1. Can you tell me which residue is farthest from the ligand (Cβ to nearest atom) among those in the range 216-240 that are surrounded by fewer than 24 Cβ atoms within 10 Å (Cβ to Cβ) and either among the β-branched types (Val, Ile, Thr) or free of Cβ contacts under 8 Å to residues at least 40 places away in the same chain (or both)?
2. Output the residues belonging to the range 175-220 that are in a loop (DSSP other than H, G, I, E, B) and within 13 Å of the chain's Cα centre (by Cα).
3. Mind listing just one residue for me: the one in the range 84-115 that is closer than 28 Å to Leu154 by Cβ, more than 16 Å from the ligand (Cβ to nearest atom) and of a type outside the set (D, E, K, R) and, of those, farthest from the chain's Cα centre (by Cα)?
4. Quick check: is even one residue across the range 116-133 without any contact (Cβ under 8 Å) to a residue 12 or more places away in the chain, aliphatic (A, V, I, L, M), within 15 Å of the ligand (Cβ to nearest atom) and part of a helix (DSSP H, G or I)?
5. Looking at Leu100, Leu62, Leu15, which one is within 30 Å of Ala365 (Cα to Cα) and surrounded by fewer than 17 Cβ atoms within 10 Å (Cβ to Cβ)?
6. Among the residues of the range 72-88, is there at least one that is modelled with pLDDT under 95 and of a type outside the set (Val, Ile, Thr)?
7. In the set Ala31, Ala46, which member is assigned to a loop (DSSP other than H, G, I, E, B) and either surrounded by fewer than 18 Cβ atoms within 10 Å (Cβ to Cβ) or in contact with a Lys or Arg (Cβ under 8 Å, 6 or more places away or on another chain) (or both)?
8. Tally the residues that are assigned to a loop (DSSP other than H, G, I, E, B) and under 22 Å from Leu88 (Cα atoms), restricting the search to the range 54-73.
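The values are calculated or read from the model by the stated rules, or taken from the named source; none is laboratory data. From a predicted model like this one, the values you see are computed outputs, not experimental measurements. No Cβ is skipped: glycine too gets one built from the backbone with ideal geometry, and neighbour counts run over all protein chains shown.
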Amino acid sequence: VVDIDWARIRADFPLLRREVHGKPLIYFDSANTGQKPACVIEKVDAFYRNHNANVSRAVHALGSEATEAYEATRVRLAKHLNVASEDLVLTSGTTFAINLVAYSWGLPRLKAGDVVLLTRMEHHANIVPWQLICERTGATIRVADLHPDGSLDLDALYAAMTPEVKLLGVAHVSNVLGTINPVAAICKEARKRGITSVVDGSQALPHMAVDIAAIGCDFYAFTGHKMCGPTGTGALWARRELLASMPPFLGGGEMIKEVRYDGTVFADPPHRFEAGTPNIAGHVGLGAAVTYLDDIGMDAISAREATLLAHLTEEMTAIDGVRIIGTAQRKAAVVSFLVEGAHAHDLATLLDLEGVAVRSGHHCAHPLMAFYGVPATCRASLAFYNTHDEIEAFAAALRKVRRLLG
Ligand code: PMP
């Protein structure tokens with residue numbers, strides 16, 4: 001393993017030099033949205049200053065530059081994920097990507113008697129679209145449960161894959177618990193039974209190398225803003241034959257071959273699913289983010305975050321009255337926690353006064369909160385740009401807050 005100067009890498013993130021309430025910022029909310037390196041900010045800025053034009057429309061020089069830059073991100077992402085770029089639909093993020101699957105794949109296919117199988121740890125983005133489709137088709141949702149440590153009960157999950165199940169939705173990494181799910185094994189079981197699989201990769205891509213081809217899923221959705229990219233970016237990867245058979249989700253410009261009032265011929269995928277002017281500058285920035293991550297190396301990032309997670313877990317376990325929720329063997333650097341007798345929001349508010357940014361609430365995962373019997377948790381989520389010093393300062397802040405709360 002090459003020695004990486006993580007202090008130099010941290011210096012790439014201008015926002016991390018900020019102070020909050022007169023204290024140095026400790027940003028432990030990267031699962032919510034990640035911070036951006038200067039190269040991404042500069043790429044977006046340079047796009048607007050020097051190349052701004054709409055994509056796929058103009059033949060003038062700027063138009064081709066913009067189109068080239070936008071399409072280069074598709075190619076860059078495809079390489080990063082080991083898939084073909086024609087099978088990647090650029091979207092505003094995971095929410096759009098899963099809704100696209102629900103409306104274009106699910107709505108025409110699902111019917112009364114069919115079952116959509118989801119796990120207890122799904123984000124609302126992989127629950128609510130399916131509920132909307134089930135209401136319209138008469139299909140129903142089945143939920144596969146977890147072990148108390150926050151890992152999936154695989155026996156229960158496989159037993160739930162009965163012949164009525166047409167679709168399986170599973171998070172690659174839980175945004176609340178950090179659990180890394182064995183999605184390749186799960187998708188293999190689904191495939192054996194003729195079940196179409198959609199993997200929510202939102203929380204996986206920021207932390208690890210992801211090879212979609214090796215996972216063997218049918219759909220893989222992700223968001224760019226958690227992996228150093230701008231907000232309003234992301235993509236859906238889909239198996240080519242599925243994408244080819246799907247009707248458009250939204251109609252408009254950019255997604256057609258020919259429009260007449262008596263009928264329209266749609267463009268081929270992926271453009272069939274990219275109606276209207278996309279987030280061009282954002283996706284150009286996402287391309288720079290992927291290059292940045294690849295230059296560091298995803299395996300180096302995973303290894304760095306594993307040591308940060310071990311340190312954070314050790315510090316937190318040593319504090320009396322702190323309960324960590326989610327202790328699975330395979331975890332990304334996400335730690336949900338509660339302090340005895342304190343509400344999660346009070347904790348987060350007091351931590352903020354110490355300069356610490358953590359998220360508190362239900363983390364868009366009501367059913368998971370219900371499973372643990374809590375209304376909310378605090379969540380400290382790390383990225384490779386965090387430091388061991390920050391972890392120690394966080395632990396000191398947590399001790400102080402715990403004393404304040406009695
Ligand atoms: N799924 C998971 C697991 C997430 O963590 C998030 C973001 N919190 C989403 C889906 C939704 O992503 P976005 O809001 O970028 O569409």
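1. Gly216
2. The initial filter retains those residues of the range 175-220 that are in a loop (DSSP other than H, G, I, E, B), namely 175-178, 181-182, 193-195, 201-211, 216-218.
Within the range 175-220, Asn175, Val176, Gly178, Gly201, Ser202, Gln203, Ala204, Leu205, Pro206, His207, Met208, Val210 qualify.
3. Gly113
4. As a first pass, look at the range 116-133 and keep what is without any contact (Cβ under 8 Å) to a residue 12 or more places away in the chain: 128, 131.
After this cut, where a residue has to be aliphatic (A, V, I, L, M) as well, the list is 128.
Narrowing the set further to residues that are within 15 Å of the ligand (Cβ to nearest atom) leaves 128.
Now drop any that are not part of a helix (DSSP H, G or I), which leaves 128.
Checking the range 116-133: at least one residue is without any contact (Cβ under 8 Å) to a residue 12 or more places away in the chain, aliphatic (A, V, I, L, M), within 15 Å of the ligand (Cβ to nearest atom) and part of a helix (DSSP H, G or I).
5. Values: Leu100 fails: surrounded by fewer than 17 Cβ atoms within 10 Å (Cβ to Cβ); Leu62 fails: within 30 Å of Ala365 (Cα to Cα).
On inspection, the qualifying residue turns out to be Leu15.
6. Our first condition is that a residue be modelled with pLDDT under 95; within the range 72-88, this holds for none.
No, the conditions are met nowhere in the range 72-88.
7. Numbers: Ala46 fails: assigned to a loop (DSSP other than H, G, I, E, B).
Matching residue, one of Ala31, Ala46: Ala31.
8. Here is the first cut: in the range 54-73, the ones assigned to a loop (DSSP other than H, G, I, E, B) are 54-60.
Next, only the ones that are under 22 Å from Leu88 (Cα atoms) stay: 54-57.
Total meeting the criteria: 4.
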